[in-house]
Amino acid sequence: MSKIKKVEPLFLPLQKPKKVAIYARVSKDTGQLIHSIFAQIDYYSDMIKKNPKWEYVGVYADYGITGTSISKRQEFQRMIADCDMGKIDIILTKSISRFARNTVDLLNAVRHLKSLGIEVWFEREQIHSCSKDGELMLSLLASFAQEESYSISENIKWGIRKRFEAGESREVNKHVLGYQYDEKQKKYVIIPQEAEIIRWIFNLCLEGISLRKIAKTLNEEGFVTINGCKFTEASLNTIIHNEIYMGDIRHQKYFVKDPIMKKKVLNRGQLPQYYIQDCHEAILDRETYKKVQKRIKHKSDKMNLRYCFTGSIYCDICGNYYTRKKIIVKGKTYIYWICSSKKKREIVCKSTNFREEELEQICVQVLEIDEFNKTIFKNRINKITILENGDLKFHFTEGRITIKQR
């Protein structure tokens, strides 16, 4: 019978210390929370330095940043980049909610780090991401953290609406062209130089000058928007419809539909709006403001007669209607219909654009006619909803609905 002898290694390989980093985050940049984050950093730094098997790498801390999305957290992104470069072996963090409230983001990040051999330690939950049941526990607890975000969001919204109902003039934007919000007075105060630009814009509108020409004039004079950009027809359209310039405020024109995705949607009656009159000094008298609105509406009504699809195509993503856009490339004109929110800075919409010819051809197929006819379209189609995947939902006047794939 053969004899087996175990040969022990003469020298055990030296184990390098694990490179350990700290990740911390607070959602609001306030004194109390900043103190909390520094306490976390001190605690974990001390823990790392006391462990002879660990090597202190550094701290990654995001201040005043939401946990519902990792895309806006610069320090988090920097940490992931350092992980990809092999600079980190272990990440210490206080809890799952500090790391990420979005379940999908959390699991994607943890799985990516796990594929690199990097472990995340969640102290409050006592979970190590590379442990046997780590991912299952993370999935369950992250779902609770996400639901907590929804709950917090609803509580905040409830408080805001109660203040609206009480007539409190809570600012939406700190700086609107013509106004700056004064924290002490709790209201908007006029910026004289910018107020003159507003008056000039409205006066030019009353003279019948188009918004495109007004934008060109302002840009030629060297004026810029509050974001330092050139004026456009879209930015001027937002200005001339803003009741703030006659001393009023309308709250909840838009609302966040999903607290995780932070998607802002135009309020078309889904939620109540709150209109507060004479809550700050007006730049324009009411008569001037209303005259401009009347002129713009008259022009819009004339446009509606010109374009068949105006007011008929609705975006299912953000709630806005589609608008006509003319593009000239190398002397050739192309007509597109795009979601009107794409012209507004405060909303990002990823809806599908359509060439006018394509829309007409789709309507021909749905209506089962030989060629596109405006009268037939208006008589038979109530509206078209553009779905998130680009498909078109046709709402017929008799109540029938048909979905046409693009």
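Just so it is clear, none of the values below were taken in a lab; they were calculated from the coordinates. No experiment lies behind these values; they were computed from the predicted model shown. Quick reminder, even Gly has a Cβ in these numbers, built from the backbone with ideal geometry, and neighbours come from all protein chains shown.
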With Rh as the Kirkwood radius over Cα pairs, region 302-405 has Rg/Rh of 0.96
Hey, with R₀ at 41 Å, roughly what FRET efficiency would LYS332 and MET85 work out to, going by the Cβ-Cβ distance, to 0.05? 0.30
Counting other beta carbons within 10 Å of each Cβ, put ARG380, ARG98, ARG199 in order, fewest first. ARG199, ARG380, ARG98
Mind ranking 365-372, 121-128 by how tightly packed they are, going by the mean number of other C-beta atoms within 10 angstrom, highest first? 121-128, 365-372
How do GLU194, GLU281 rank when sorted from fewest to most other Cβ atoms within 10 Å of their own Cβ? GLU281, GLU194
Kindly rank 323-329, 187-193, 241-247 from highest to lowest mean number of other beta carbons found within 10 Å of each residue. 241-247, 187-193, 323-329
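If the limit is 31 Å between Cα atoms, which of LYS230/LYS378; LYS6/LYS53; LYS343/LYS378; LYS330/LYS383; LYS87/LYS343; LYS290/LYS404 go over it?
LYS230/LYS378; LYS330/LYS383; LYS87/LYS343; LYS290/LYS404
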